[in-house]
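See structure below.
The values are calculated or read from the model by the stated rules, or taken from the named source; none is laboratory data. These numbers come from a predicted model, not from an experiment. Here the Cβ positions follow ideal geometry from the backbone for every residue, glycine too, while neighbour counts run over all protein chains shown. Accessible surface areas use protein heavy atoms only, side chains included; no ligands, DNA or RNA. Shrake-Rupley method; radii C 1.70, N 1.55, O 1.52, S 1.80 Å.
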Amino acid sequence: MPATIVLGAQWGDEGKAKVVDYLTRDADIVARFQGGANAGHTVQVGDTQFIFHLIPSGIMHPGKSCVVGNGVVLDPEAAITEIEDLAAKGISVEGRLFISQNAHVVMPYHKLFDRLGEERQGTDKLGTTGRGIGPAYRDKVERTWGIRVMDLLDEPLLQTRVAAVVEEKNRVLTRLYDHAPLDAADIIRGAVEYGQRLRMYVTDTSQLLNDALSAGKNILLEGAQGTLLDIDHGTYPFVTSSNTTAGGACTGAGIGPTRIDAVIGVTKAYTTRVGNGPFPTELTGTTGERIRELGHEYGATTGRPRRCGWFDAVIVRLAARVNGLTSLALTRLDVLDTVEKLKVCIAYRRGGDVLEEFPGDPQVLGECRPVYEEWDGWCTSTRDVRRYADLPPQARDYVERLSALSRTPVQMISVGPERDATIIMD
Ligand code: GDP
Ligand code: IMO
Ligand code: MG
């Protein structure tokens, strides 16, 4: 594998963590490269379920190292909570968790601005996770106000720098939002304490990852969110604030593109989306509700109901293109086990035109209607199937059609949340 990227090919929550957890058996290191605690990555091992927001999903494997790369925006409070929760379950991260010194920090005011910004937008809001992601990336790119993980380790610097940043934030808070000012001393105290708690994990993770590759180690790069939430290639402005696509893995982990061997796009056998924004194959009626209940489609971070719809090959073709996907991991096939009639969107119709490729212009997208192909469901349980040949013929036809429409081979099929509920293709 040497360096394999696993990323979402839809709007997030595709089951990336399940795939990463499965593949970690052959990896030495698992690294997150973008996003932050907006991610909710569920791993089920036996009867125990873990939801990771910041720590890579490979941490469940004893002895494997995990990296939080420079492209992540790190909420120290969330990171510490996660480390403590793991410890309470008997899983120690000591000596195998590494956090990039260059990663930017999600500060308390970022979360506040995320909430206030959304409130201000009213019905036009993006529907963010409220984890301070946009404001933290804004400060990173804006340059003047960003705080990095390495700054948390430098108390004298924190004293002056955070004081200046909070002064600026208070100007905006009080004048623009009519909000009470924040207490700089409080925020500095918190930042110093977070630095003390996290110091042992902080290092140059780009160096660590490159050294590991040179030593012949295998690295899994774990994407967060999904291709359609990418800041450049997604359904802007209803996206997240980072590059969720394959290029983001290189910049966000500090490794060169020549070191990447494979890019696995994770996709559900249907489509979901949380938050606002376009969703051409959304099912707003009873079928959508049925899929939501069958799949327990509720957000792992916010608990919000996920919007559900049919598989959309147009968006997965976009994912194949912008990520250079080498294969697909198809998850949640089992959720469709009892659905009698299935639809697959093969293209969009706009007026008299048929569009095979995803339109970048939201106005054009708004005028598009899905062109569907209808399929008979297999109406039998796939939960215990472990070999492709043992899937019902209709399920195999469905998988092969999705693969052909996506122009990408399927490498893995998931038929349940558990590690072993996995079919590997020959
Ligand atoms: P991620 O953000 O892409 O890692 O995905 P989430 O963890 O947010 O959501 C995926 C959900 O689907 C989790 O509850 C997983 O346990 C579950 N899951 C993953 N693969 C399968 C599968 O093949 N079948 C079923 N029924 N559930 C799955
Ligand atoms: P994982 O990694 C699904 C969505 C939010 C919102 C938009 C912007 O679990 O797949 P943000 O808080 O990032 O500013 O919100 O992006 N979103 C996700 N949707 N899965 C995620 O992560 C998401 N992370 C953010 O719902 O629409
Ligand atoms: Mg998720």
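Miscellaneous remarks
- For the stretch 244-278, the set of residues classified as of a type in the set (A, V, I, L, M, F, W, C) and in contact with an Asp or Glu (Cβ under 8 Å, 6 or more places away or on another chain) consists of 266, 274, listed by residue number.
- Residue within the stretch 365-372 that is touching a helix residue (DSSP H, G or I) at 6+ places or on another chain (Cβ under 8 Å), at pLDDT 95 or above and of a type in the set (Phe, Trp, Tyr) present: no
- Count - residues of the stretch 398-426 that are away from ligand 1 (no atom under 12 Å from the Cβ) and either open to solvent by less than 80 Å² (accessible area, probe 1.4 Å) or of a type in the set (Ser, Thr, Tyr) (or both): 14
- Where residue 222 falls short, out of the listed (1) out of contact with any helix residue (DSSP H, G or I) (no Cβ under 9 Å at 6 or more places or on another chain); (2) charged (D, E, K, R); (3) open to solvent by less than 20 Å² (accessible area, probe 1.4 Å): (1)
- Residue within the stretch 89-108 that is hydrophobic (A, V, I, L, M, F, W, C) and open to solvent by 10 Å² or more (accessible area, probe 1.4 Å) present: yes
- Unique residue being more than 19 Å from residue 184 (Cα to Cα) and either away from ligand 1 (no atom under 16 Å from the Cβ) or touching a Gly at 6+ places or on another chain (Cβ under 7 Å) (or both) when the list is 160, 128: 128
- Residues in the stretch 1-45 that are within 16 Å of ligand 2 (Cβ to nearest atom) and polar (S, T, N, Q): 10, 34, 38, 42, 44.
- Selection count where residues are in contact with a Gly (Cβ under 9 Å, 6 or more places away or on another chain) and of a type in the set (Lys, Arg), scope the stretch 406-426: 1
- Of the helices (runs of 4 or more DSSP H) lying entirely inside the stretch 145-232, those containing at least 1 residues that are of a type in the set (D, E, K, R), under 28 Å from the mean Cα position of the chain (by Cα) and at pLDDT 95 or above are 149-152, 184-198, 205-214.
- Set side by side, the residues 23, 86, 112, 54 differ, and just one is among the hydrophobic types (A, V, I, L, M, F, W, C) and assigned by TED's automatic domain parsing to the domain that holds residue 177, which is 112.
- Criterion (closer than 20 Å to residue 55 by Cβ, of a type outside the set (S, T, N, Q) and either within 16 Å of ligand 3 (Cβ to nearest atom) or touching a strand residue (DSSP E or B) at 6+ places or on another chain (Cβ under 9 Å) (or both)) met by exactly one of 213, 228, 153: 153
- Long-range neighbours under 8 Å by Cβ, at least six apart or interchain, first residue within 16 Å of ligand 3 (Cβ to nearest atom) within the stretch 407-426, second assigned to a strand (DSSP E or B): 414/329; 414/330; 414/331; 414/422; 414/423; 417/42; 417/44; 417/49
- Members of the stretch 320-352 found to be open to solvent by 20 Å² or more (accessible area, probe 1.4 Å), touching a strand residue (DSSP E or B) at 6+ places or on another chain (Cβ under 6 Å) and closer than 30 Å to residue 250 by Cα, listed by number: 324, 325, 326, 332
- Sole exception among (1) touching a residue at least 60 places away in the same chain (Cβ under 8 Å); (2) farther than 26 Å from residue 138 by Cα; (3) more than 16 Å from ligand 3 (Cβ to nearest atom) for residue 272, by number: (3)
- Failed item, numbered, when residue 74 is tested on (1) within 16 Å of ligand 1 (Cβ to nearest atom); (2) open to solvent by less than 10 Å² (accessible area, probe 1.4 Å); (3) not charged (D, E, K, R): (1)
- Applying the criterion of being surrounded by 13 or more Cβ atoms within 10 Å (Cβ to Cβ) and assigned to a loop (DSSP other than H, G, I, E, B) to the residues of the stretch 131-144, the residue that is nearest to ligand 1 (Cβ to nearest atom) is 131.
- Against the conditions (1) touching a residue at least 12 places away in the same chain (Cβ under 8 Å); (2) within 30 Å of residue 265 (Cα to Cα); (3) of a type in the set (Ser, Thr, Tyr), residue 194 satisfies every one except (2).
- The stretch 1-79 holds strands (runs of 3 or more DSSP E) entirely within its bounds, and those carrying 1 or more residues that are of a type outside the set (Gly, Ala, Ser) and within 16 Å of ligand 3 (Cβ to nearest atom) map to 3-8, 29-32, 41-45, 48-52.
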